[in-house]
1. If you check 223, 261, 209, which single one turns out to be without any contact (Cβ under 8 Å) to a residue 60 or more places away in the chain and part of a loop (DSSP other than H, G, I, E, B)?
2. Answer with yes or no whether residue 358 is within 18 Å of the chain's Cα centre (by Cα), at positive phi and at pLDDT 95 or above.
3. Do we find that residue 209 is farther than 15 Å from residue 148 by Cβ, under 14 Å from the mean Cα position of the chain (by Cα) and surrounded by fewer than 24 Cβ atoms within 10 Å (Cβ to Cβ) in this structure?
4. Please identify the pairs in which a residue from the range 35-46 that is in contact (Cβ under 8 Å) with a residue 60 or more places away in the chain has its Cβ atom under 6 Å from the Cβ atom of a residue that is among the hydrophobic types (A, V, I, L, M, F, W, C) and in a loop (DSSP other than H, G, I, E, B), counting only partners at least 6 apart or on another chain.
5. Residue under question is residue 251, and the condition is that it be out of contact with any His (no Cβ under 7 Å at 6 or more places or on another chain), in a loop (DSSP other than H, G, I, E, B) and either surrounded by fewer than 16 Cβ atoms within 10 Å (Cβ to Cβ) or not hydrophobic (A, V, I, L, M, F, W, C) (or both); does it hold?
6. Do any residues in the range 190-206 that are without any contact (Cβ under 8 Å) to a residue 60 or more places away in the chain have Cβ atoms under 7 Å from those of residues that are in a loop (DSSP other than H, G, I, E, B) and not small (Gly, Ala, Ser), where the two are at least six apart or on different chains, and which pairs are they?
7. Please go through (1) within 21 Å of the chain's Cα centre (by Cα); (2) β-branched (Val, Ile, Thr); (3) outside the structural domain of residue 29 (by TED's automatic domain parsing) for residue 250 and return the number of the only condition it doesn't satisfy.
Amino acid sequence: MQNNLIYLDNNSTTPLDPRVLESMMPYLTTTFGNASSNHIAGVMANRAVNSAREKVANLINSDPHEIIFTSGATEAINLAIKGIVEQNQDKGNHIVTVSTEHPAVLDTSKYLESKDVEITYLPVDKFGLVDLAEVEKAIRKDTILVSVMLVNNETGVIQPIKEIAELAHQKGAFFMTDATQAVGKMKVSVNEMGIDIMAFSGHKFYGPKGVGGLYLRSRRPYKVKLESLIHGGGHERGVRSGTLNVPGIVGLGVAAEISMKEMEADQERIGDLRDQLEKTFLGMPDTFLNGHPKKRLYNVSNICFKGADADAIIAGLENIAVSNGSACSSIKVEPSHVLTAMGLSESEAYSSLRLSLGRFTNYSNIDISKTKIIKEIHTIKNFSSFLE
C-alpha cells in the first residue's frame, strides 16, 4: 500500500490498531494452544478467549455467555436468521426487514424465500428512515423475526431501534439488528435498546478481519434459541462449532476495550472532520447529502455530485480511498440499492460518493482530499461538457 494513501473508506474496513496487533502477537507465536484442549497451553488460550468475551460483553452491555464468536458479521447474520427460522417453524414463517439492509441480510432473506419463508421488505423515506407505523402494520401473528439495521453502511443513517424492538415484542416476535457499523463507534446497549439478536464484526472498529460476534439474549421472555447450522464439536454453546480463532478473538476483545475508552473522544474529533468536509462539498453547486442530516453516525458522509460519475472520481484519486457504496456489493455494476430505495434516480446514485472517516484520519487528510476531489469533479464535468 502507498505510504501516502489517504484512507477515507473506514466503513468498508478499518486499519488494525497497533495496540490490537500487539495484543494478538503472543497468540500467533508462542501461546498457540487450542482453546478446547485441557492441557496448560489450551487452558491459557481459553483464559484469553474468556477475557475477550468479557470485554466484548462490556462494550454492548450484555452478559459474557451471550456472546458467540464467529468469523464476522455475515456469518453471524446467516446463523441468526436461518437458525431462528429453523427453531420457530411451529410459530410462523414470516420475517420483517428493510429494503436498505446490507446484502448479508437481503441475500439470506432471498434464500429463505426460496424455502417458502415469507419476507416483508419495508420501504424507507427520502432520508433512509423507516416509518414506525409501517413497521407496526407489517408485523403479524406469524411473524417470528423483525430485523432492522442499526446504522446503515452507506449513509450512516441511524434507525429508531428501541421503538422498533418494542413493536416487535408487542406481537411476540424476536428483534434482531445488524449493528456492524455501530458497535465500537457509538454507545450500543442491547438491554436499553431491547435487542434480542445482534451481529457485529471486529474489522469495522480497528480489530482484525475474520472475527466477529453474535449476541443472543439469554433472558426471558425473549430468550433466543437457534437451530445450529454448523456442527462438529459443539463449540460456542453448540451454536457455532469449529476451532476458535484465538488471536482474532483476543484482538476483538482489545479493540472493544479501546473503543469503550476512546469512543467519546473519537466521536468529537471525527465528527468535526466530517463536518468540515461536508461544509465544503455541500457548498458546491449540484450537490446534496444522501441521508438524514442529524440522525446518522458522525463518521459518514454520502454526497451526490450531480453530473460527475462516482467511479470516474474514484479512478482519478490515485492516493485517496473513497467508495461509491457497500464494499460487499461493489463488484456489481448496479446503482446502490440503498440510494434508489431513498428515491434517488439511477444517475444520482451513480454520482454519489461515500466518505467514511476513522480514528486515524487527520485534518491534513481532509484538506488534501477536499482539494483533489473538487479538482477531479471539475475535470469530469468539463470533459462531459466538451463531449456534448
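The values are calculated or read from the model by the stated rules, or taken from the named source; none is laboratory data. Given the structure is predicted, the values throughout are model-derived calculations rather than measurements. Cβ: placed from backbone, ideal geometry, glycine included. Neighbour counts: every protein chain shown.
1. Working: 261 fails: part of a loop (DSSP other than H, G, I, E, B); 209 fails: without any contact (Cβ under 8 Å) to a residue 60 or more places away in the chain.
When all the criteria are applied, what remains is 223.
2. Numbers: within 18 Å of the chain's Cα centre (by Cα): yes; at positive phi: no; at pLDDT 95 or above: yes.
Answer is no for this residue.
3. Values: farther than 15 Å from residue 148 by Cβ: yes; under 14 Å from the mean Cα position of the chain (by Cα): yes; surrounded by fewer than 24 Cβ atoms within 10 Å (Cβ to Cβ): yes.
Against the criterion (farther than 15 Å from residue 148 by Cβ, under 14 Å from the mean Cα position of the chain (by Cα) and surrounded by fewer than 24 Cβ atoms within 10 Å (Cβ to Cβ)), residue 209 qualifies.
4. 35/244; 45/35
5. no
6. Here the result reads 196/217; 196/222; 196/224, each pair linking the range 190-206 to a residue that is in a loop (DSSP other than H, G, I, E, B) and not small (Gly, Ala, Ser).
7. Of everything listed in (1) within 21 Å of the chain's Cα centre (by Cα); (2) β-branched (Val, Ile, Thr); (3) outside the structural domain of residue 29 (by TED's automatic domain parsing), residue 250 misses just condition (3).
For every residue, the table says whether it meets (1) modelled with pLDDT of 95 or more; (2) over 21 Å from residue 343 (Cα atoms); (3) crowded, with 21+ Cβ neighbours inside 10 Å.
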residue	(1), (2), (3)
56	yes, yes, yes
66	yes, yes, yes
97	yes, no, yes
132	yes, no, no
142	yes, yes, no
